[in-house]
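Working notes for the structure below.
The values are calculated or read from the model by the stated rules, or taken from the named source; none is laboratory data. Small disclaimer: the values here were computed from a predicted structure and weren't measured. Neighbour counts run over all protein chains shown; Cβ positions are idealised from the backbone, glycine included.
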Amino acid sequence: MTIAKARAVYGAKEQFQATENKRRELDLQDVLIEIKYAGICHSDIHTAHGEWGAVNYPLVPGHEIAGIVTEIGSEVTKYQVGDRVGVGCMVDSCKECVNCLKGEEQYCLKGNIPTYAGVDKYGEPTQGGYSTHIVVTEDFVVKIPDNIPLDAAAPLLCAGITTYSPLRRWGAGPAKKVAVVGLGGLGHMAVKIAHAMGAEVTVLSQTLSKKEDGLQFGATSYYATSNPETFEILAGTFDLIINTVSASIDLNAYFSLLSLDGTMVNVGAPGEPLSLNVMALIGHRRSFAGSMIGGIQETQEMLNFCAEHSIVPNIEIISADQIDEAYKRVLASDVKYRFVIDTSTI
């Protein structure tokens, strides 16, 4: 058993505290990973603050994990000690249902086991990446290509795959017009990936404050949604809209921006229900969809794609003592564009 240092929150309104985790003894197909970096996702904040339901505190968040394999179980075949690896939003699934067999473990019909705030097959609560070590079955570990730095790799395990999966699923590519709503941790990755896929990319943000960044990331145009004229100018324009924001927005206004047969995909997870007018979809055979991360095979595909196209997130490295301040800054949209914890400071 490995005793890992960690940072945990003990209640919805509590600050993070230094603690220790007992990581299980390696099973036959387990790998022990020394975590080097852990990204901070908006989902971490929702969960830590108890906004998505009851939480079994103390909680160690973190599902954007990059590190090094330090020990392997006796039946592990995919990894060796010293390998550069990552762990994303899930650490297991039933592996038997129709979705798991398709490589879509994130949609496991019995429910995948999340990296934190879940219960593993041994009946123990899962604790995440704000920690120095983690034990994961090899089937839910991915290889990080050598040309992606570990610190930059961490956010790809959530922000990267969350945006890559719908862009790939709905055919972003040459001759496709793609709009990205929001230029935050998810949005800036969506712009970079869609651009690399060959799509014509537009950013839709509340203001033009990040316009220079958006164009640098690969967008060809950038519009402020606070300006009502934006929705008139862009009416019927886009084949695909990726909504990355976690706040409530006027869905019907964005539906008007879709072309015939266009699709808007929600990847942001607002804390409250959203309302929509079905007629806004029916009128132009538009679709509204949701998408959640990707399967393990697709996550590896995303990492390889990012390596091939030299895509990495824009990150700000912080120490473990800065987590609470980082949460405040994320909620204030004061980060460009993903916080990453240096776990050596835990």
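Annotations
- Residue within segment 100-108 that is at pLDDT below 95 and either charged (D, E, K, R) or surrounded by 15 or more Cβ atoms within 10 Å (Cβ to Cβ) (or both) present: no
- Condition met for Ser310 (under 20 Å from the mean Cα position of the chain (by Cα), among the hydroxyl-bearing types (Ser, Thr, Tyr), modelled with pLDDT of 95 or more and surrounded by fewer than 19 Cβ atoms within 10 Å (Cβ to Cβ)): yes
- All helices (runs of 4 or more DSSP H) inside segment 214-333 with 3 or more residues being assigned by TED's automatic domain parsing to the domain that holds Asn99 and farther than 30 Å from Ile346 by Cα: 296-308
- Check on Gln106, closer than 18 Å to Asp27 by Cα and not β-branched (Val, Ile, Thr): no
- Pairs, first farther than 21 Å from Ser333 by Cβ in segment 206-232, second of a type in the set (A, V, I, L, M), C-beta under 6 Å, six or more apart: Phe231/Ala253
- Where strands (runs of 3 or more DSSP E) sit wholly within segment 106-212, those with at least 2 residues that are farther than 20 Å from Leu234 by Cβ and touching a Leu at 6+ places or on another chain (Cβ under 7 Å) occupy 133-137.
- Considering each residue of segment 26-33 in turn, at least one proves to be loosely packed, with under 14 Cβ neighbours inside 10 Å and at pLDDT 95 or above.
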